Structure formats: structure tokens, C-alpha cells
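Before any comments, here is the structure.
No lab work stands behind these numbers, since they all come straight from the coordinates. All of these numbers come straight from a predicted model, not from anything done at the bench. Reconstructed Cβ throughout: ideal geometry from the backbone, glycine too, with neighbour counts over all protein chains shown.
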């Protein structure tokens, strides 16, 4: 019991737990679509590219979310422009755009007074989350969560068959744009927790793990957030008792769980596949 | 009903459709035949509004288009069941969150029964045979109550028995008064499948009854010589 209760005596630990679980759940929900649309790299790109936007927002005193949205869309527009107007392929375009914008963010941080705050954005600072941060995270997360849940069927159709979406009168480009906007907002939520570099892990691993466990998208939407919340709590507790980096540990636990599922999942794990092959051959 | 008037369309830099005019009647199955690069896909995309014609226009009767994509354009590992896919046919008429009502569940059940997939409704789509996969998407068009059905190479990777089932189904759907347009390069199936045939090679080379379309001199123009010996 002491293992569980002792950390909760500290306000900063409670805030850390709440923030991480909220961020992890929203990221996990979004990750289900990112994995299926094939937007993992895009998630990586957008989550890095928002950095200069967040720094500029900090400097001018605007909400982080606004800066992140602007630079998230700017990144996607630049990637599309390079891909469509030159012979450079998409993966290279993504690599060029997000590293350049991320680098711009690093430069801006280095010339902005009060660097300590902003460096937390890169590596995350779960234990230093303030009450105001938590409030902002809650608002953004609730917005993203609500849109994802309400429009989940549209997003799934968009991921599965955008052509059909178009012919029945839905607007796939709008849906794609909405998904990107949520990606940028979610990146803001998560980067305050695990930092820019590790956000992409929370945006991919839970969805990919759930994908190996079920053939039903509806169940993925339950499994991914549940796993993400559980691993977050586990990661935070481990970081308390091991006195190690909390953002890092959350992601390490998620990665370990993915590995276990990859090996052991009855349906799509290595072991399950091998056993089915044996049954077929026998 | 579909009417295409003097459509010119490019696919990238390539001129894919060069002054194409067509009138495709409801109540019939029309085969769209041409070799790779003949503009079949671009014509489909133009009909669906994915490609904007450079010149000319596309007119269609009331009602929506049901589209049965080529197999390689579908992610068969996607975690959806047959029933989920057929339900997607109803989304156009559903509210903000696309929550299905009782009538939608009934329409989906009817469509599944019509294509004889009721017993497979809960399967993940990747666990179906080639023919069952095609029928899933046809059922989506039925659930959608599409007045126009476009099928892109529906017989690729489909065994003979399933092919016969799909042909029968398409003929029934046409008999309901739908416009059914099927792109194919499978000339053997054509006489059983289609009433009318359009031979396409960037332009419309021929549009008329299937037996006339299959005459060697017509096919020769669409495919070049030697390709179809023994078919006609």
C-alpha cells in the first residue's frame, strides 16, 4: 500500500498523474486513426514542427495552442508543397520540414529570455506542471476528445475509404484537416508532459498495440486509451520509486507493453501466428 | 443515367480522356473495356468528381454513386467487419455523429441478405474470399440505395463461381432501374455480364451491344492486334 499511497501525498505527484493520464488518453484515441491512415510520420513531423509556434506564443503571450495550430498546419502545407512541386518524395519532404522547423524552435528558445521554462517543452516536465498548465491541458484535451468521439465514424470512413466519403457527400479534405488540427492540439497537450521528442511515441504506440489485439475498430478505441492510462500511471510510479525521468519511463513502459503484445497477442502476435500455422500444417 | 459531354481530362501530364462523350442508360449493365492506360480509371474518377475535367461536363440523374474499388486500393487488414463497411453506405443520410437508426440497421441487413453475406456479417473483411470481398462493397452500394453503381475491375482475383454470382447480382441491380457501369479487361465474362459495351482508348471507339463490341475489328482497335485471339 505504501508504494501506492506515499507519492500521492505530494501535490506535484497528483498533478503529474492527472496530467499524464489525460494526455495519454487523448493521444491514444487519436493514435488509432493515425496508425490506420498511415500518418505516423506525419504525427512525428507535426509534433516537432509546433515547437517554434509554441515559443513565439510564449513570447507574445498568446495561448500555446494557437502557435501550435499555426505551425502544425504550416508544416503540413510545406510538406505538401515540396512533394507536389518538386521531385523530392514525401518522406524526404517530411524530414526536411520538421527538422528545419524544430531547429528554428531551438534557435528561438536560445535567444528567448527565461530559457528554463521552454527547455521543458523539449523534454517534458511532468513534475513541474502548474495549476494553470493543468487547466489549459484539460480544456484542449476535452475539446480534442469530444471532436474525436463525436466524429469517430467519419474519421474511420476517412481512414478506410476517402473516395466513398467523397461520393456520398462527406468532405474528406475537411475531415483530414480536422484530424490534423486535433493532432496539433494534442501535440500541445502531450509535449508539456513528455516533451516534443517523445510525443510521437504516445501518438503511435497505443494505437499500434490495440491494432494487434483486435479486429474491431470500436474496440481499438477502448483498448488504446485504457492501455495508455494504465502505462502512464505505472510509468509515473516507477519514476517516483526509481527516481528516474518520468516522461521517459511512461514511454518505456508503453514500448515494453507493445513488445509483449507483439509477441504474445493471440490474434496478431508472433506466437499466435506461429500456433495457427502449426494447426494448419498438422 | 450518366451523360458525359466532350470531356477532356488529364492524369498528371498525360492526356487520359480526349473529347469523350457518352450516354449510359439505366436498366442495363454497361461494360467499360480498354487496356491499361486507356483512361478507364480517369473516366471513373471524373464521374465521381475526383478528377475535374479540363473541358466538357458530366451530368447524372438523381441519387448517389456507389463505388466498388479495385482490390489493391483497399486496406484489407483494416479493423472493420463486413457489417461496418455496408453501414458506411448509410452515412450520407445520417446525422452529425452518423449514429445508425433502426431503419439503417434494417437496410444493412437487407443488403447483406441480397448479396448472400448475412452469415459473414461479423467477419473482418480480410477474412473473406475474393468474391465475398467484392460483394461486401456491392452491398454497401445497395444499402446506400445508389442509383449508379461503378465497379472497377470486379473480377480480378475472383473465382469462376463467385464471378457468376456477382454477374447475376449486377444484372438484378440493373433490372431495378440502376445504372451499372463495370470496367473490366476480362473479355470472356463480357457476353454474360454486359448488355452494352464501351470500348475506350482515350476516346470512345465503340458504344453499343456487346456482341457487336466483341467483333474482332472493334477489339483490334481497342487493344491492338493478337491480344484476344479466340474470344469473339
Listing B:162, B:21, A:246 from the residue with the fewest other Cβ atoms within 10 Å to the one with the most, what is the order? B:21, B:162, A:246
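How large is the Rg to Rh ratio of the protein assembly as shown when both quantities use alpha carbon positions and Rh follows Kirkwood? Walk me through the numbers before you get to the answer.
Numbers: Rg = 26.8 Å, Rh = 25.5 Å.
A ratio of 1.05.
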By DSSP, what percent of the beta bridges with both residues in chain B are antiparallel, rounded to the nearest 5? 50
Ordered by fewest other Cβ atoms within 10 Å, a rough proxy for footprinting exposure, A:27, A:138, A:32 read A:138, A:32, A:27
Between segment A:242-282 and segment B:1-73, the alpha-carbon center distance in angstrom: 46
Take segment B:11-123, drop everything but the C-alpha atoms, weight them equally and run the Debye formula without solvent; then report log10 I(q)/I(0) at 0.15, 0.19 Å⁻¹ to two decimals. -0.92, -1.18
How large is the convex hull of the C-alpha atoms of chain B per residue, in Å³? 129
Have a look at B:111, B:220, B:139 and tell me which one the Gaussian network model of chain B (Cα, springs below 10 Å) gives the largest fluctuation. B:220
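With both bridge residues required to lie in the protein assembly as shown, what share of the DSSP beta bridges run antiparallel, to the nearest 5%? Show your work: numbers first, answer last.
Numbers: 19 of 37 bridges.
Percentage antiparallel, nearest 5: 50.
What's the average, rounded to a whole number, of partner chain beta-carbon atoms within 10 Å of each residue's beta-carbon in B:86-93?
Numbers: counts 0, 2, 8, 2, 1, 9, 6, 2.
Taking the mean over all residues of the peptide, I get 4.
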Shape of segment B:59-187, Cα gyration tensor, a/c cut at 1.5: oblate
Just order B:146-152, A:213-219 by mean Cβ neighbour count inside 10 Å, highest at the front, would you? B:146-152, A:213-219
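Shielding by partners for B:76-82, please: the mean number of other protein chain Cβ atoms within 10 Å of each residue's Cβ.
The mean count of partner-chain Cβ atoms within 10 Å per residue comes to 6.
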Segment A:92-199: C-alpha gyration tensor shape, a/c 1.5 cut-off, then a/b vs b/c: oblate
Could you give the alpha-carbon Rg of segment A:62-135 over 2.2 N^0.38 Å, rounded to two decimals? 1.36
Ignoring solvent entirely, what values of log10 I(q)/I(0) come out of the Debye formula for segment A:102-146 at 0.15, 0.21, 0.32 Å⁻¹ when each Cα is a single scatterer? -0.51, -0.82, -1.04
For a quick protection proxy, order the peptides A:145-153, B:176-184 by their average other-Cβ count within 10 Å, most packed first. B:176-184, A:145-153
Mind checking which of A:235, A:43, A:131 has the largest fluctuation in a GNM of chain A, springs on alpha carbons under 10 Å? A:131
What residue among A:144, A:208, A:57 has the largest mean-square fluctuation in a Gaussian network model of chain A, using Cα springs under 10 Å? A:57
With the crude spin-label approximation of a point 7 Å out along Cα→Cβ, what separation in nm comes out for residue A:226 versus residue B:70? 4.1
Whole-Å distance, taken between Cα centres, linking segment A:106-156 and segment A:1-69: 5
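Specify whether the C-alpha gyration tensor of chain A places it in the rounded, prolate or oblate class, a ≥ b ≥ c being the square roots of the eigenvalues: rounded for a/c under 1.5, otherwise prolate if a/b is larger than b/c and oblate if not. Don't skip to the answer; put the middle values down first.
Values: a/c = 1.72, a/b = 1.07, b/c = 1.60.
Oblate is the answer for chain A, as a/c is 1.5 or above yet b/c matches or exceeds a/b.
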Going by how many other Cβ atoms sit within 10 Å of their own, how do A:220, A:1, B:35, B:87 line up, fewest first? A:1, B:35, B:87, A:220
Angle, helix B:160-175 long axis vs. longest principal axis of chain B, Cα atoms, 0 to 90°, nearest 10? 90
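Report, for segment B:124-232, the % of DSSP beta bridges that are antiparallel, rounded to 5. The partial results should precede the final answer.
Working: 6 of 11 bridges.
Approximately 55 percent, going by the DSSP bridge assignments.
Taking segment B:1-48, how much of its Cα-Cα pair set, in percent, is spaced more than 14 angstrom apart? Could the numbers behind the result be given before it?
Details: 580 of 1128 pairs.
Looking at segment B:1-48, the distances longer than 14 Å represent 51 percent of pairs.
Based on the Cα atoms of segment A:142-223, what semi-axes does the equivalent ellipsoid have, where each is the square root of 5 times one gyration tensor eigenvalue, given in whole Å with the largest first?
Output for segment A:142-223: semi-axes of 24, 17, 11 Å.
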Rounded to the nearest 10, the angle in degrees between the Cα long axis of helix B:130-143 and the longest principal axis of the Cα atoms of chain B comes to 80
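If you average the sequence gap of Cα pairs under 8 Å that are 6 or more apart and divide by the length of chain B, what percent do you get for the contact order?
On the way: 439 pairs, mean separation 66.0, N = 232.
Dividing the mean separation by the residue count of chain B yields 28 percent.
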Quote to one decimal, in nm, the extra length available between residue A:277 and residue A:112 on full extension: 0.36 nm per residue of separation minus the C-alpha distance between them. 53.5 nm
With everything on Cα atoms, drop me the angle between helix B:102-114 and the longest principal axis of chain B, reported from 0 to 90° to the nearest 10. 50
Please work out the C-alpha center-to-center distance from segment A:193-215 to segment B:106-153 and express it in whole Å. 33
Rounded to the nearest 500 deg cm²/dmol, what is the calculated helix-only ellipticity per residue at 222 nm for the protein assembly as shown, with -39500 (n - 2.57) per DSSP H run of length n ≥ 4? -19000 deg cm²/dmol
